[in-house]
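Below is one structure, written out as structure tokens; comments come after it.
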């Protein structure tokens, strides 16, 4: 593609590095930014720079934060005795959107994957163990929820974690897996449907 400006071409190349954005979409975005008021484009640039240079990670749960503790760990109204273990911040956002969980989180930063050379030492597992009895805080953790994706790597990670956590006498649970609301049974895969039957609950 022949660009009318070298600066436009450089902008398109950088924007197209973002996931899910091709060269055509990048060009459309670049031209849109060019048409906007210069102050608005400058604000976008400054916001992105601040996000990259000033964003940090919570020293307690490893969630993205603006300071030493994230807004969840520093919230006095959260249930301190309940920790939900997730892979990354996107999982925290997804669970928070349900407004059904009032405990704390722990972000692993990945899952155990021998094929990719990722082992337990590469994840935030040791810091999780430091949050549990006999270490812990003033309000000891009584339950850990493993909210990991139902993949082979996710199940491997969950199995490893539950063995370590249960050794401390702490209750370990996992998120329910089953047929989604509005879904037809004929379209559910065998594993999901099988787990739904095995993990059936009383009809209230």
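Using a cutoff of 8 angstrom between alpha carbon atoms and counting only pairs six or more residues apart, the relative contact order for region 1-70 works out to 15 percent. Given their separation in residues at 0.36 nm each and the Cα-Cα distance between them, residue 171 and residue 64 gain 35.9 nm when the chain is fully extended. Here the contact order of region 109-182, divided by its residue count and restricted to Cα pairs under 8 Å and six or more residues apart, works out to 29 percent. Give, as ranges by residue number, the residues of region 43-64 whose backbone N falls under 12 Å from the point 7 Å along Cα→Cβ of residue 135. From region 43-64, the list is 60-61. Note on residue 192 and residue 90: the extension gain reaches 34.5 nm, defined as 0.36 nm multiplied by sequence separation minus the Cα-Cα distance. Would you please classify the overall shape of region 6-54 from the alpha carbon gyration tensor, given that a ≥ b ≥ c denote the square roots of the eigenvalues, rounded means a/c under 1.5, and beyond that prolate means a/b larger than b/c while oblate covers the rest? Verdict is oblate for region 6-54. Looking at the chain alone, DSSP beta bridges between its own residues are antiparallel in about 20 percent of cases.
Between residue 48 and residue 159, the distance separating the two model label sites (each 7 Å from Cα on the Cα→Cβ line) works out to 4.3 nm. When both region 55-93 and region 124-200 are represented by their alpha-carbon centers, they are found 18 Å apart. Its DSSP H runs of at least 4 residues, each contributing -39,500 (n - 2.57), put the calculated 222 nm mean residue ellipticity of the chain at -11500 deg cm²/dmol, to the nearest 500. With all pairs of different C-alpha atoms in the average, the Kirkwood value for the hydrodynamic radius of the chain is 20.5 Å.
The stretch between residue 179 and residue 32, if pulled fully straight at 0.36 nm per residue, gains 48.7 nm over its current Cα-Cα span. Bridge orientation summary for region 78-174: considering DSSP beta bridges with both residues in this region, about 5 percent are antiparallel. Measuring nothing but how far apart in sequence close Cα pairs (under 8 Å, 6+ apart) lie, relative to its length, the chain scores a relative contact order of 12 percent.
A short reminder: the numbers here are calculations on the coordinates, not readings from a lab. As the structure is a prediction and not an experimental result, all values here were calculated from the model. Quick reminder, even Gly has a Cβ in these numbers, built from the backbone with ideal geometry, and neighbours come from all protein chains shown.
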